[in-house]
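Below is one structure, written out as structure tokens, with a few remarks after it.
The values are calculated or read from the model by the stated rules, or taken from the named source; none is laboratory data. Everything numeric here is computed off the predicted structure, so don't read it as measured data. Here Cβ is always computed from backbone atoms with ideal geometry, including for glycine, and neighbour counts include all displayed protein chains.
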Amino acid sequence: MEKELNKILSSFQGKSNELIPALQQIQEELGYLPGDAMLYAAEFLNVPESTVFGVASFYAQFRFTPVGKNMIMVCKGTACHVKGAEKVLDEISRQVGIEDGETSADMQYTLESVACIGCCALAPCITINSEVHGRLNAKSIEKIFKRKKAEEKTNE
Ligand code: FES
């Protein structure tokens, strides 16, 4: 992992004020912040380990457990709530077999409900990785996951 982290942090100078962008970069590459990576960042940036752990736990954007290949974020902001976000969440949960906040055992999916994702005109909406899917209903959700599952099979 040290070699990989070295590469991930190669664009940083090792200064303490780079802590947040460095953690973001690690998460971007690894999908989450493993404990070893945070220790490595502490040493690389010359900041106390307690500061790294403190900062990482303060910001909701950082995660400490691995996520699935497909990160599904279901918007539960006001506009989406009004347009049936709860039903969307239930339907997706049914499609992928996990509840809000869980990752599937095969590491294909992580499902999370989040606040407004900034696409209110498309409510109710979700993102799967960086792709936005809007104006969802049970039928369109089924279609999305049928396609996802077919893609998974092709990549096996
Ligand atoms: S409330 Fe869902 S995108 Fe804004």
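Quick look at the values:
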quantity	calculated
Options G101, G97, G77; residue that is assigned by TED's automatic domain parsing to the domain that holds R135, touching a Ser or Thr at 6+ places or on another chain (Cβ under 7 Å) and small (G, A, S)	G97
Selection from the range 1-49 of residues that are among the hydrophobic types (A, V, I, L, M, F, W, C) and in a loop (DSSP other than H, G, I, E, B)	M1, L9, F12, L33, V47
Residues (more than 16 Å from D90 (Cβ to Cβ), of a type outside the set (S, T, N, Q) and surrounded by fewer than 17 Cβ atoms within 10 Å (Cβ to Cβ)) located in the range 129-156	E131, V132, R135, K143, K146, R147, K149, A150, E151, E152, K153, E156
Residue among D100, D106 that is farther than 15 Å from C75 by Cβ and either within 16 Å of the ligand (Cβ to nearest atom) or within 19 Å of the chain's Cα centre (by Cα) (or both)	D106
Boolean, K83 is crowded, with 19+ Cβ neighbours inside 10 Å and modelled with pLDDT of 95 or more	yes
Qualifying positions in the range 50-90 - more than 16 Å from the ligand (Cβ to nearest atom), closer than 28 Å to E142 by Cα and part of a helix (DSSP H, G or I)	D90
Strands (runs of 3 or more DSSP E) lying entirely in the range 91-133 (those with 1 or more residues that are among the hydroxyl-bearing types (S, T, Y))	109-114, 126-128
Sole residue being closer than 30 Å to K153 by Cβ and either of a type in the set (V, I, T) or without any contact (Cβ under 8 Å) to a residue 12 or more places away in the chain (or both), chosen from V82, V96, V52	V96
In the range 113-125, residue surrounded by the most Cβ atoms within 10 Å (Cβ to Cβ) [restricted to those that are within 9 Å of the ligand (Cβ to nearest atom) and closer than 13 Å to E86 by Cβ]	P124
